[in-house]
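Undergrad: For reference, the structure I am asking about is given below.
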Amino acid sequence: MTLPGPGVVLSFLFYLAIIGGAGLLLGRGAESLLTRFSVKLTGGVILGFVETLPEYIFAIIAVSKGSSQVALGSAYGGNIVLFTLVFGLMILSSGSKGATSFGYKGSKSDIAILLFSSTLFLILLVGIHMVLVAGLSMIALFGLFLVSVGPVGVEVSDALTASDKHRSLVAPLLLLVIAAALIVAFIDPLLNSVEQLSTVTGISPILLSLIFVPLANELPELFSSIKLYSSGENGRKAAVASLLGSKIQSNTLLLGSVVLLASFLGNPISVSGNSSKLSLYAMVATSYLGALVVGRAKPSRRTGILLLLAYLLSSVGLLTF
């Protein structure tokens, strides 16, 4: 392994800073939207979609280039990173803040969809080899997730005038649009800089898609989650909702789209080989871990540390397999 040159490192740090700043804007915009919309709509759907944009972009590019396995690897790795590293750092950044649980209104249905989608995808691809059925099923589950959102509005203070209410909606939406534009513009250069670092250091493309690409993809969610989690009870709930929501969208809309697009382009997905299966097993396992923490665990430093240890163990396992 050789050391990368200063130009490669500086480019990586520059793009990293841009994506990190976009993550902070996401958190600020979502925090403001909580005064107008429900926690589940704000965190799970709106913020979850924007935060999953890097994964969508990367997956579409990879599939269009015939690298469907790399696209799947980044999606699998995204789950591992988010439900261990991001979740753990989010908890440790602000502590428990007096909270007794991670739950929010609608969290039980989100957990059920997350677990069902992960398990069904595993069974259809590995156990039965029904690729098209797997893709269509994931898209259908995404529709079910949207239906489960339910009432979207929250009570707005009567002290606000009509113009105040209008401005209070425009400003956070503008922040989300700016953040999304930054992510779309700079995620590909960031991923390219990660690939250059990996090429120079001799790290394989498979490990790149499983370990390093998800780290870059999940940066906006890391910063926005920390920002939201530390902003109060509603912010904490929205941060957790965004974790579940973004991974539900990744497991359903993203994976379903990858499978269907790959088949349409004549390069159907095939889960064969130990490394491919292991990465899928790890994705399902961390989905169960994230669901278990949200449904059963209490916000505490111990929980955050255990999640970070889970990330280290899973990363070491993938690197040494």
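The values are calculated or read from the model by the stated rules, or taken from the named source; none is laboratory data. All of these numbers come straight from a predicted model, not from anything done at the bench. FYI the Cβ positions are ideal-geometry reconstructions off the backbone, even for glycines, and counts take in every protein chain you see.
Undergrad: Of all residues in segment 53-76, which are buried (at least 24 other Cβ atoms within 10 Å of the Cβ) and among the charged types (D, E, K, R)?
TA: 55
Undergrad: Also: Given (1) of a type in the set (Val, Ile, Thr); (2) crowded, with 23+ Cβ neighbours inside 10 Å; (3) in contact with an Asp or Glu (Cβ under 8 Å, 6 or more places away or on another chain), where does residue 50 come up short, assuming only one miss?
TA: Result: residue 50 passes all but (3).
Undergrad: With the structure loaded, tell me whether residue 116 is buried (at least 24 other Cβ atoms within 10 Å of the Cβ) and over 16 Å from the mean Cα position of the chain (by Cα) or whether it fails that test.
TA: Taking the combined requirement at face value, the residue does not satisfy it.
Undergrad: Give me the residue from segment 134-147 that is surrounded by fewer than 16 Cβ atoms within 10 Å (Cβ to Cβ) and small (Gly, Ala, Ser) and, out of that set, farthest from residue 257 (Cα to Cα).
TA: Restricting to residues being surrounded by fewer than 16 Cβ atoms within 10 Å (Cβ to Cβ) and small (Gly, Ala, Ser), the top hit is 143.
Undergrad: Go through the residues of segment 257-266 one by one and say whether even a single one is among the aliphatic types (A, V, I, L, M), part of a helix (DSSP H, G or I) and surrounded by fewer than 20 Cβ atoms within 10 Å (Cβ to Cβ).
TA: yes
Undergrad: Next question. Could you check residue 316 against (1) over 18 Å from residue 52 (Cα atoms); (2) modelled with pLDDT of 80 or more and say which number it fails?
TA: (2)
Undergrad: Right, next: For segment 234-246, state whether one or more residues are surrounded by fewer than 19 Cβ atoms within 10 Å (Cβ to Cβ), touching a Gly at 6+ places or on another chain (Cβ under 9 Å) and in contact (Cβ under 8 Å) with a residue 12 or more places away in the chain.
TA: No: zero hits.
Undergrad: Pick out the one residue from 112, 71 that is without any contact (Cβ under 8 Å) to a residue 24 or more places away in the chain and under 17 Å from residue 253 (Cα atoms).
TA: 112
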